[in-house]
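Below is one structure, written out as structure tokens; the observations come after it.
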Amino acid sequence: MNQGKLLYAGKAKSVYRTDTKETLIVEFRDDITAFDGGKKDTLKNKGSYNAGVSAFFFEYLEKHGVKTHYLQMLDNNRMAVRTLSMIPLEVIVRNIAAGSIVRNYPFKEGVKLDPPVIVIDFKDDSRHDPMLNDDLIIALNLATPQELKKIKKISLEINRLLSALLAKQGILLVDFKIEFGRQGTTIRLGDEISMDSMRLWDTKTRESLDKDVYRFNKGDVMATYNSVAHRITGTAARPAGAKKKPGAEEKEGHGSLRQAAKPTAKKR
């Protein structure tokens, strides 16, 4: 598979064409941003960790019946994906009150939301991703009523699967953002599922295990990403595609994080 011209460059990922129109390449860059791009940095190996964790989640979800765009990892920070017609919606599933929902509504941080709350935003940076309701989504022709119902159903199933998976590792899935696209008439999960798009807390300490560490200067971002990747995959984390060190014991795992190796994690 040959990487072609750049199709799209976002805040932390780039999408490239390939020699087949059915397949694209997503590159996870080392860029990290917060506050609508108001805070920006580059952290070595950050893209590799997010790519590896995303691959792990995509493989897990596919195994449990959720259709995704994921095909395979190509190297440290690139994955081959199915070409989708992306739906410009950001679907946020919230299990615990935190972040903007606490700032904008009279929720106390840490309160469990039962049932989970689904919030859908219009993916438009120029408008700062305004919140939508079902009527607006349909009026704007962003999705049909049937597609919207399907998207919500899939989102809740993803939430159920990942909440249970993470709970086994002592991690609370506080909330997460996902995006969907169309492949013909099929709705597939696209984009990524990583520490950049999830809010994760340690079950016992309620310590942040996600991009909030960067947003609010809570500690060593790369040390956190490495530790969380290890806990999520159940293996010793390393950037995807990195060579195994001589004598390192291989442990069974998913996707791109499999073998023992010391990570590069510098404090910034």
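The values are calculated or read from the model by the stated rules, or taken from the named source; none is laboratory data. Because the structure is predicted, anything quoted here is derived from the model rather than measured. Glycine gets a Cβ as well: all are built from the backbone with ideal geometry, and neighbour counts include every protein chain shown.
Please verify whether Leu189 is aliphatic (A, V, I, L, M) and closer than 14 Å to Ile232 by Cβ, treating the condition exactly as stated. Don't jump to the end; show me each part of the working.
On the way: aliphatic (A, V, I, L, M): yes; closer than 14 Å to Ile232 by Cβ: no.
No.
Met73: within 30 Å of Leu132 (Cβ to Cβ) and at pLDDT 95 or above, yes or no? Write out each step before concluding.
Numbers: within 30 Å of Leu132 (Cβ to Cβ): no; at pLDDT 95 or above: yes.
Criteria not met by Met73.
For the range 1-44, which positions are among the aromatic types (Phe, Trp, Tyr), outside any loop (DSSP other than H, G, I, E, B) and touching a residue at least 24 places away in the same chain (Cβ under 8 Å)?
Taking the range 1-44 first, the residues among the aromatic types (Phe, Trp, Tyr) are 8, 16, 28, 35.
Now restrict to residues that are outside any loop (DSSP other than H, G, I, E, B): 8, 16, 28.
Phe28 - this is the single residue of the range 1-44 that is among the aromatic types (Phe, Trp, Tyr), outside any loop (DSSP other than H, G, I, E, B) and touching a residue at least 24 places away in the same chain (Cβ under 8 Å).
Output the number of residues of the range 117-140 satisfying the condition of being assigned to a helix (DSSP H, G or I) and acidic (Asp, Glu).
Looking only at the range 117-140, we keep the residues that are assigned to a helix (DSSP H, G or I), and these are 125-127, 134-139.
Add one more test, that the residue is acidic (Asp, Glu), and what stays is 125, 134-135.
Selection size over the range 117-140: 3.
From the set of residues in the range 10-49 that are among the aromatic types (Phe, Trp, Tyr) and surrounded by 14 or more Cβ atoms within 10 Å (Cβ to Cβ), which is nearest to Gly181 (Cα to Cα)?
Filtering the range 10-49 down to residues among the aromatic types (Phe, Trp, Tyr) leaves 16, 28, 35, 49.
Of the ones still in play, those that are also surrounded by 14 or more Cβ atoms within 10 Å (Cβ to Cβ) are 16, 28, 49.
Numbers: Tyr16: 17, Phe28: 19, Tyr49: 24 Å.
Per the criteria, the residue is Tyr16.
Has the range 141-148 got any residue that is surrounded by 13 or more Cβ atoms within 10 Å (Cβ to Cβ) and either assigned to a helix (DSSP H, G or I) or under 18 Å from the mean Cα position of the chain (by Cα) (or both)? Talk me through it step by step, then tell me what you get.
Going residue by residue through the range 141-148, those that are surrounded by 13 or more Cβ atoms within 10 Å (Cβ to Cβ) are 142-143, 147-148.
Narrowing further to those that are either assigned to a helix (DSSP H, G or I) or under 18 Å from the mean Cα position of the chain (by Cα) (or both): 147-148.
Yes: the range 141-148 contains one or more residues that are surrounded by 13 or more Cβ atoms within 10 Å (Cβ to Cβ) and either assigned to a helix (DSSP H, G or I) or under 18 Å from the mean Cα position of the chain (by Cα) (or both).
Looking at the range 124-137, which of its residues are surrounded by fewer than 16 Cβ atoms within 10 Å (Cβ to Cβ) and within 28 Å of Lys11 (Cα to Cα)?
Step one: list which residues in the range 124-137 are surrounded by fewer than 16 Cβ atoms within 10 Å (Cβ to Cβ), which gives 124-128, 130-131, 133-136.
Residues satisfying the conditions are Asp124, Asp125, Ser126, Arg127, His128, Pro130, Met131, Asn133, Asp134, Leu136.
Among the residues of the range 56-90, which ones are within 22 Å of Val119 (Cβ to Cβ), outside any strand (DSSP E or B) and within 13 Å of the chain's Cα centre (by Cα)?
Answer for the range 56-90, where residues must be within 22 Å of Val119 (Cβ to Cβ), outside any strand (DSSP E or B) and within 13 Å of the chain's Cα centre (by Cα): Phe57, Leu61.
Residue check, Asp114 against (1) part of a strand (DSSP E or B); (2) over 14 Å from Asp175 (Cβ atoms), all met but one. Which one?
The failed condition is (2).
Go through (1) in contact (Cβ under 8 Å) with a residue 24 or more places away in the chain; (2) in a loop (DSSP other than H, G, I, E, B); (3) farther than 26 Å from Lys149 by Cα one by one and return the number of the condition Val53 breaks.
Evaluating Val53 over (1) in contact (Cβ under 8 Å) with a residue 24 or more places away in the chain; (2) in a loop (DSSP other than H, G, I, E, B); (3) farther than 26 Å from Lys149 by Cα leaves (2) as the failure.
Can you spot a residue in the range 121-140 that is farther than 29 Å from Met73 by Cβ and among the aromatic types (Phe, Trp, Tyr)?
yes
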